[in-house]
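Below you'll find the structure, written out as C-alpha cells, and then a few comments.
The values are calculated or read from the model by the stated rules, or taken from the named source; none is laboratory data. If you're wondering where the values come from, they're calculated on a predicted model, not measured in any experiment. Positions of Cβ are generated from backbone atoms using ideal geometry, with glycine treated the same way; all protein chains shown enter the neighbour counts. Accessible surface is based on the protein model in full, side chains and every heavy atom, while ligands, DNA and RNA are left aside. Shrake-Rupley method; radii C 1.70, N 1.55, O 1.52, S 1.80 Å.
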Amino acid sequence: MFWAVIDPEADSATPLPGPIAAWAPMVMDGAVPTAAAGRTRGLSDLTLLPPLERGSTVVVAGANYSSHLVALGSALSDRPAMLLKPHNAIIGTGQEIAFSPLTEQLDYEVELVAVIGAARPGPSESAVSAWDRILGYTVGNDVTARDLALGGVLKVDMFSAKVLDHATGLGPWIVTRDEFGDGQPDLELTLSVDGEVRQHDRTSSMARNVAELLDYADARTSLGPGDILFTGTPAGVGHEDGRYLQPGQKVVASVEGIGSITNVVGPRG
C-alpha cells in the first residue's frame, strides 16, 4: 500500500514518500515531493484503496442541504449535526457494499469529502483559515441504515445507522484544493443506481460551507493531516420514496472535477 501522484490520462502512478503527514505539508505549500518511494507504475495495474490511513479520524456532517431537509420535512438546526465513523466502515471504488443483516433499509448519500492537510495552529502560532488547512477533496457515499436510525432511550441511534462495516464508499482519489480555487467549491454532485440518476445538486447548495463545518468539528476534536470530513448529501435519497438499495445494484457516486466511485451492493448477510 502506498500513496502516489496519479495521472489518469497517462495511466501513471508515482509513489509518494511515507504517510500522508510526511508529504501533505509540501503539497499544501505548492511543492511536489521529489523523493519518490519507488518507480512510476501503471495506474490500471493497481487497486485503488480508499484515500484514508488507518487511525485517521472520519467526521460525518448531516442535514446540510436545504433540498434534503425539505424532502425529509425537517428544518436547519442551530448547529451542525455530526458524528464519527470508524475506519472499518470505509471501502474503496470497486469494492462491494456489505449488506448488513441488521438492516432492510440500506440507503445511499453522495457527498463531497474534504481531506485535511494541516493541523489547527497552536496558541503561539499565527491563525490560519479553515480553507488553508484543506489538502483537497474526494467523493463519498455515506451509506446509511435508515431503519436503525431510530430507537433506544434517546429515540435516535445514528451510531447503528452510520457505522456498518464495509459499506461507506470513499475515493477514487484526492484532487488538491488548488484545482478548485479559493473558498467554497461549486461542483455538481450526482448519484445513480443501475444507471438511473437518483441525486443531483451542487456543492454550492450547502447550508453551511466546508470551512464552517471544519471549524465546528475541529473546535471539538482536533483534526490533522489525513483526517476527512463528509459534508452532507442533497435530496434524492432512498428514504424519501422507499427505494432502498437492493443486492446486486450498481451505485455510482460522482463529484464534478474529482471523479466517480463505483460499488455494487453485496448479498444480504
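A compact table of results
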| quantity | calculated |
| --- | --- |
| Filter pass, Ala119 being open to solvent by 50 Å² or more (accessible area, probe 1.4 Å), in contact (Cβ under 8 Å) with a residue 12 or more places away in the chain and assigned to a loop (DSSP other than H, G, I, E, B) | yes |
| Candidate set from the stretch 170-220 (those that are touching a Ser or Thr at 6+ places or on another chain (Cβ under 7 Å), at pLDDT 95 or above and in a loop (DSSP other than H, G, I, E, B)); member that is nearest to Asn263 (Cα to Cα) | Leu187 |
| Answer from Gly136, Gly152 - the residue that is among the small types (Gly, Ala, Ser), within 22 Å of Pro86 (Cα to Cα) and under 13 Å from the mean Cα position of the chain (by Cα) | Gly136 |
| Tally of residues being within 24 Å of Ile90 (Cβ to Cβ) and open to solvent by 70 Å² or more (accessible area, probe 1.4 Å) across the stretch 124-157 | 1 |
| Sole residue being within 14 Å of Leu229 (Cβ to Cβ) and small (Gly, Ala, Ser), chosen from Ser77, Ser56 | Ser56 |
| Given (1) touching a Ser or Thr at 6+ places or on another chain (Cβ under 8 Å); (2) over 24 Å from Leu49 (Cα atoms), number of the condition Thr262 does not satisfy | (2) |
| Residue within the stretch 1-22 that is of a type in the set (Phe, Trp, Tyr), within 20 Å of the chain's Cα centre (by Cα) and open to solvent by less than 60 Å² (accessible area, probe 1.4 Å) present | yes |
| Any chance Gly226 is closer than 30 Å to Ala13 by Cβ and touching a Leu at 6+ places or on another chain (Cβ under 6 Å) | no |
| Scan of the stretch 55-92 for residues that are of a type in the set (A, V, I, L, M), more than 20 Å from Leu214 (Cβ to Cβ) and surrounded by 14 or more Cβ atoms within 10 Å (Cβ to Cβ), ordered by number | Leu69, Ala71, Ala89, Ile91 |
| Selection count where residues are of a type in the set (Asp, Glu) and buried (at least 17 other Cβ atoms within 10 Å of the Cβ), scope the stretch 182-211 | 1 |
| From the options Ala98, Ala114, residue that is more than 18 Å from Ser222 (Cα to Cα), hydrophobic (A, V, I, L, M, F, W, C) and assigned to a strand (DSSP E or B) | Ala98 |
| Residue list for the stretch 186-198, filter: in contact (Cβ under 8 Å) with a residue 60 or more places away in the chain and more than 16 Å from the chain's Cα centre (by Cα) | Ser192, Val193, Arg198 |
| Single unsatisfied condition, His166 versus (1) within 21 Å of the chain's Cα centre (by Cα); (2) surrounded by fewer than 24 Cβ atoms within 10 Å (Cβ to Cβ); (3) not in a loop (DSSP other than H, G, I, E, B) | (3) |
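Residue by residue, here is whether (1) in contact with a Lys or Arg (Cβ under 6 Å, 6 or more places away or on another chain); (2) in a helix (DSSP H, G or I); (3) of a type in the set (D, E, K, R); (4) within 20 Å of Gln199 (Cβ to Cβ) holds:
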| position | (1), (2), (3), (4) |
| --- | --- |
| Ser44 | no, yes, no, no |
| Leu48 | no, no, no, no |
| Ser56 | no, no, no, no |
| Val59 | no, no, no, no |
| Ser67 | no, yes, no, yes |
| Ala75 | no, no, no, no |
| Arg79 | no, no, yes, no |
| Thr93 | no, no, no, yes |
